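Here the structure is laid out as structure tokens; the discussion comes afterwards.
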Amino acid sequence: MTGLLKHCTLCPRACGADRTRTRGLCGAGAQVEASRASLHLWEEPPISGTRGSGTVFFTHCSLGCVFCQNRQISRRAASGTTVSIAELAKTFLSLQNKGAHNINLVTGAHYAPQIIEALAQARLLGLNIPIVYNSSGYESEDTLAQLDGWIDIYLPDYKYYSSYYAARYSHAEDYRETAVAAIAEMVRQSGPPQYDANGLLLRGTVIRHLMLPGLAGDTAQVLRDIAVRFSDTVLVSLMRQYTPFDMERWPELNRTVTDKEYEDACTLFRSLGLGGFFQQEQAVGESFIPAFDGSGLEEEK
């Protein structure tokens, strides 16, 4: 594990930082930092179920979208609670004991080696529920290859089709080609959706697309591309929860998605024969963002 952190290329930024001595471009050092662990009822229905998805929110992110709703924990300068691998394993088990339908790893690519070790320890201690990898979609294929066999459900974003928007809002002109290759690897690993007797997802890939105001044309291209590339091997979640904050530098994003923008996208979604999920207008608003206060993270006894 230490070798992977000495010249870090875990994400597509491939900054090469020696994270045993300093922090990477994403903000992460050698030790895992997390910001919350809890049962979460606001994921897609076959992931949240009736008891909730056992989410672990990791601190920092390799993408850095200007509109990130988890900006408190995703920025390079953010700080979280430092957890050891043993503590992370205990956190997974604690969530399972609380009734979680699955363990949901939120933005954890920069901690992939540590997560694998924690999952190995937790499995030896009885962890037996599905593992969800909740991702921006901006992922390294090599890192995903390390995760093969550890992840049951992939939950990636497909944020942009246009390289212009990807560069403007996420500083990642190569986002689309990187995300498409990453999602293809996720689909290869997970296979098509599989459910248990209660309709909960056991395996599969769910692609999320968050609509942004004024980018209906880009959304249409994303949906068409998913239909052509992945067809019925994935589920698609079309999200309208974008909430603007401090967007003076990007005035075009300083509003919510209109009903018509979203309804038109839903019409296209149906016409393409995609399967998946739509989102209610009530999901818009910062009240749906959890408190990133370090709660739920297990400590060594």
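Key figures
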item: Total charge dipole magnitude, the range 164-301, about the Cα centre, Cβ charges on Lys, Arg, Asp, Glu only, Debye to nearest 20; result: 500
item: Probe 1.4 Å, protein heavy atoms only - accessible area per residue of the range 158-300 in square angstrom; result: 48
item: Neighbourhood charge, 9 Å Cβ-Cβ cut-off, centred on SER190 and excluding it, Lys, Arg +1 and Asp, Glu -1; result: +1
item: Value of D in µm² per second that Stokes-Einstein yields for the chain, Kirkwood Rh from Cα pairs, at 4 °C (1.567 mPa s); result: 67
item: Per residue, in Å², the accessible surface of the range 46-97 once ligands and nucleic acids are set aside, probe 1.4 Å; result: 34
item: Burial ranking of peptide ranges 97-104, 44-51 (average Cβ count within 10 Å, highest at the top); result: 97-104, 44-51
item: Charged-residue dipole, Cβ positions (Lys, Arg, Asp, Glu), the range 1-135 about Cα centre, Debye nearest 20; result: 300
item: GLU33, GLU141, ranked by accessible area, largest first (probe 1.4 Å); result: GLU141, GLU33
item: The range 1-125: radius of gyration and largest Cα-Cα distance (Dmax), Å; result: 14.6, 43
item: Volume in Å³ per residue [convex hull over Cα atoms, computed for the range 224-268]; result: 100
item: Rounded percent of accessible protein surface that carbon and sulfur make up, the range 36-100, 1.4 Å probe; result: 52
item: Loop-exposed chymotrypsin sites (Phe, Trp or Tyr not before Pro) per DSSP, neighbour cap 15 Cβ within 10 angstrom, longest uninterrupted part of the chain; result: 43-244
item: Accessible surface of the range 149-301, 1.4 Å probe, proportion on carbon and sulfur as whole %; result: 48
item: The chain, relative contact order in percent, only Cα pairs under 8 angstrom and at least six apart counted; result: 17
item: Cα pair distances of the range 192-299 binned at 5 Å [whole percent]; result: 2, 11, 18, 18, 16, 16, 11, 6, 2, 0
item: For the range 1-134, share of DSSP beta bridges that run antiparallel, in % to the nearest 5; result: 55
item: Student exercise, the chain dipole from Lys, Arg, Asp, Glu Cβ charges, in Debye to nearest 20; result: 360
item: Share of pairwise Cα separations in the range 119-234, more than 26 Å, in percent; result: 24
item: Sum of -39500 (n - 2.57) over DSSP H runs of 4+, divided by residues of the chain (222 nm, nearest 500); result: -9500 deg cm²/dmol
item: The chain: angle of helix 85-97 to the longest principal axis, Cα-based, in degrees nearest 10; result: 60
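The values are calculated or read from the model by the stated rules, or taken from the named source; none is laboratory data. The model shown is predicted, which means the values in this text are computed figures rather than measured ones. All Cβ positions, glycine included, derive from the backbone under ideal geometry; neighbour counts span all protein chains shown. Surface areas here come from the heavy atoms of the whole protein model, side chains and all, with no ligands, DNA or RNA. Shrake-Rupley method; radii C 1.70, N 1.55, O 1.52, S 1.80 Å.
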